[in-house]
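Working notes, structure below.
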Amino acid sequence: MKKITKKTVEEFYEMLAPCTVCPRACGVDRLNGELGNCNAGLDVEVSSYHQHFGEEPPLVGRHGSGTIFLAHCNLHCVFCQNYEISQLGMGRKVTIEELAEMMLVLQERGCHNINFVTPTPWVPQIVDALAVAQSKGLDLPIVYNCGGYESVNTLEMLESIVDIYMPDIKYADNKIAAKYSDVGDYWDVVRPALVEMHRQVGDLSVEDGIAKRGLLIRHLVLPNNNAGSGECFEFIRDNLSLTTVVNVMAQYYPTHRAGQYTDMNRRITTQEYRAAIEELTRLGLDSGFRQTIDTIFRSIVPEWTDDLKDTGDK
């Protein structure tokens, strides 16, 4: 992480009035307390921070990922598994100094990185807190754990501040993104955003089992191929690299408001997950993570039995 100067922090805060931090560019004056489309204002809001052992193995290592869950999100996914935080704003306002102290505490606990979950609405405040923490000895890799709906301009400003980008690639279709995440240009936005992330940090670099720098993309398989998995993987192959690390996730379940939509009101089947993995393999993207079907399904469906595997009914 480069040394963050006072001038750099000031340049980030200028993005808050009118707000252009994310691609929505809703234009509110957050410096004077107005709330954006994401419901974020000026004072950063944190839900929790802790050593997290549920992330990908290169982030977790032996001592965990130093995860800071931030409230609010610039996407409004009907199936968000953290909707209490991202959409209901569960959290508390903290000062920049308190946010910096959280990072230092996580470093003292031995965490391998500082992992900001849903950082997008809070980029200026995060950079401000990083400058404070940096001055007090923070030297861990910084993880930007986001939904993929990112402003290229903001990402360019983050160059050499973020070490590991961990975005989602949620959809390959703008209409589906509008329906399920209330954003009608997701596919148009996520592609240049991923290209910029990869330009900055390249493929994931792992030393002694611990991620130090690079891009790690998450893709959640959705029922009825609503995520457009094959198209997402093809974009990655053609525009990033064959060695891009992709975590293909199977843990979708119809939480929050997903039950209101017929084609999203069930868990995925093993056939759907296997079809996504087959596409990944066919395209040559073999550097990522695959989840063991029986393990993941038994973890989310206690009554799971072999005869239910391919029905999607439970």
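Here the label points at Tyr253 and Glu98, each 7 Å from Cα along the C-beta direction, are separated by 3.2 nm in the simple model. Expressed to the nearest 5 percent, the antiparallel share of DSSP beta bridges inside segment 6-308 is 35 percent.
Shown here: Rg and Dmax of the Cα atoms in Å, derived from the displayed model; of the candidates [x] 19.0, 62; [y] 23.2, 84; [z] 18.4, 54, it corresponds to [x]. Highest-first packing order for the peptide set 11-24, 258-271, 140-153 is 140-153, 11-24, 258-271, based on the mean count of other beta carbon atoms within 10 Å.
Computed extension length for Glu56-Thr243: 65.7 nm, one decimal, from 0.36 nm per residue of separation with the Cα-Cα distance subtracted. Looking at segment 204-249, none of the GluC sites (Glu not before Pro) sits in a DSSP loop with at most 14 other Cβ atoms within 10 Å of its own Cβ. Close amide-amide hydrogen proximity is noted between Ser48 and Phe69, each under 5 Å apart and 5 or more residues distant or on a separate chain (H modeled in the peptide plane; Pro and chain starts excluded). For a label point 7 angstrom out from the Cα of Arg199 toward its Cβ, which stretches of segment 10-24 have the backbone nitrogen within less than 14 Å? Once the point is set 7 Å along Cα→Cβ of Arg199, nothing inside segment 10-24 turns out to lie under 14 Å by backbone N. Once backbone amide H atoms are built at 1.01 Å from N, Asn247 has Ile217, Arg218, His219, Phe289 as its partners under 5 Å, excluding neighbours fewer than 5 places away on the same chain. A helix-only calculation puts the chain at -9500 deg cm²/dmol for mean residue ellipticity at 222 nm, using -39500 (n - 2.57) for each DSSP H run of at least four residues, averaged over all residues. Rounded to the nearest 20 debye, the dipole size of the chain about its Cα centre is 200 debye, using +1 on the Cβ of Lys and Arg and -1 on the Cβ of Asp and Glu. Between Asn115 and Gly66, Thr67, Ile68, Val143, the built amide H atoms are under 5 Å apart, and every one of these is 5 or more places off in sequence or on another chain. Stretching Lys2 away from Asp263 to a fully extended chain increases their span by 89.4 nm, per 0.36 nm per residue minus the current alpha-carbon distance. Annotation for Asn224 and Asp29: the two label points, set 7 Å from Cα along the Cα-Cβ direction, are 4.5 nm apart. Modelled spin-label separation between Gln271 and Lys212, with each label point placed 7 Å from Cα along the Cα-to-Cβ direction: 4.6 nm.
Against the empirical curve 2.2 N^0.38 Å, the C-alpha radius of gyration of segment 86-140 lands at a ratio of 1.14.
For the peptides 122-128, 133-139, 30-36, what is the packing order when you average, over each peptide's residues, the other Cβ atoms within 10 Å and list the highest mean first?
Ranking the peptides 122-128, 133-139, 30-36 by packing returns 122-128, 30-36, 133-139.
Between segment 45-102 and segment 163-220, the C-alpha centres lie 18 angstrom from each other. Counting only alpha carbon atoms, the long axis of helix 123-135 and the longest principal axis of the chain meet at about 60°.
Here, each number is a calculation from the coordinates, and none is a lab measurement. Since this is a predicted model, take the numbers as computed values, not measurements. Positions of Cβ are backbone-derived with ideal geometry, glycine not excepted, and every protein chain shown enters the neighbour counts.
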